[in-house]
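*Asks:* Below: one structure in structure tokens.
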Amino acid sequence: MSKLEDKVNEILGINEPEPKKELVKQDFKPAVPRREDNEKADVDNDYKYSRENYYNLIERGQEAIEGILDIAREGQHPRAYEVAGQLIGQVGQTVDKLQDLQKKLKDLKEVPKTANQNIKNALFVGSTAELQKMLKKDEDTKVKDITPKKDDTKDKWFNL
């Protein structure tokens with residue numbers, strides 16, 4: 001700036017704008033840092049992380065709603081109110097997702113307790129040759145019935 005501009009800014013009490021700081025990758029931090037507890041199961045760690053993210057999204061959404069409502073009140077523009085309504089709906093959906101997360105975790109933890117312990121269907125894992133050997137072995141162990149049976153039409157006895 002020139003000396004004249006500096007003097008005018010000084011007389012008017014206008015401060016020079018501070019130079020903008022360029023953002024470096026180190027300045028960015030995740031909104032919710034991921035912390036794993038090695039003593040807990042992955043399901044519990046994921047639940048805790050998801051829950052923290054949902055809370056963070058809801059809080060940011062509420063701040064955004066307050067800001068867009070202020071803008072809508074000042075401008076009285078219908079589009080601003082429409083955007084505010086959409087934002088309120090999205091925050092509401094996030095709250096529903098948080099509740100669904102709670103239900104899903106409850107369902108996951110109840111599955112092992114309510115699982116049926118009886119085996120209804122069994123699956124043979126092996127080759128066809130092994131299956132045939134197993135079936136042949138079962139046939140050989142069965143006792144054949146060689147008792148004579150009576151023919152109803154003729155009164156003769158014969159062996160099958």
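*Asks:* What are the residue pairs meeting all of these: first residue in region 78-103, first residue closer than 11 Å to I58 by Cβ, second residue modelled with pLDDT of 90 or more and open to solvent by less than 40 Å² (accessible area, probe 1.4 Å), Cβ atoms under 7 Å, and 6 or more apart or on different chains?
*Replies:* Every condition considered, the pairs that remain are Q90/G61; V91/I58; V91/G61; V91/I65; T94/I58; T94/G61; V95/I58.
*Asks:* Given (1) basic (K, R); (2) at pLDDT 75 or above; (3) loosely packed, with under 10 Cβ neighbours inside 10 Å, identify the lone condition not met by K104.
*Replies:* Every condition holds for K104 apart from (3).
*Asks:* Go through (1) open to solvent by 100 Å² or more (accessible area, probe 1.4 Å); (2) charged (D, E, K, R); (3) at pLDDT below 90 and name the single condition R60 misses.
*Replies:* Status for R60: all satisfied but (3).
*Asks:* Just name the residue that is modelled with the lowest pLDDT out of those in region 6-51 that are of a type in the set (D, E, K, R) and surrounded by 13 or more Cβ atoms within 10 Å (Cβ to Cβ).
*Replies:* Of all residues in region 6-51, those of a type in the set (D, E, K, R) come to 6-7, 10, 16, 18, 20-22, 25, 27, 29, 34-37, 39-40, 42, 44, 46, 48, 51.
Still in the list and also surrounded by 13 or more Cβ atoms within 10 Å (Cβ to Cβ): 44, 46, 48, 51.
On the way: D44: 83, D46: 86, K48: 88, R51: 91.
My answer is D44.
*Asks:* Right, here's the next one. Which of the following residues is at pLDDT below 90 and surrounded by fewer than 12 Cβ atoms within 10 Å (Cβ to Cβ): Q99, Q76, Q86?
*Replies:* Q76
*Asks:* So L69 clears everything in (1) within 27 Å of Y49 (Cβ to Cβ); (2) modelled with pLDDT of 90 or more except one condition, right? Which one?
*Replies:* (1)
*Asks:* Another question, if that's okay. When you look at Y54, is it at pLDDT 90 or above and in a helix (DSSP H, G or I), yes or no? Quick ask: steps written out before the conclusion?
*Replies:* Numbers: at pLDDT 90 or above: yes; in a helix (DSSP H, G or I): yes.
In short, yes.
*Asks:* If a residue has to be hydrophobic (A, V, I, L, M, F, W, C) and closer than 15 Å to S50 by Cα to count, how many in region 80-107 make the cut? Please lay out each step first, then the result.
*Replies:* Taking region 80-107 first, the residues hydrophobic (A, V, I, L, M, F, W, C) are 80, 83-84, 87-88, 91, 95, 98, 101, 105.
So of that shortlist, the ones also closer than 15 Å to S50 by Cα come out as 95, 98, 101, 105.
Going through region 80-107 one residue at a time, the tally reaches 4.
The values are calculated or read from the model by the stated rules, or taken from the named source; none is laboratory data. What you are looking at is a predicted structure, and each value in this text was computed from that prediction instead of being measured. Ideal geometry is used to build each Cβ from the backbone, glycine not excepted, and the neighbour counts take in all protein chains shown. All accessible areas refer to the heavy atoms of the entire protein, side chains included, with ligands and DNA or RNA removed. Shrake-Rupley method; radii C 1.70, N 1.55, O 1.52, S 1.80 Å.
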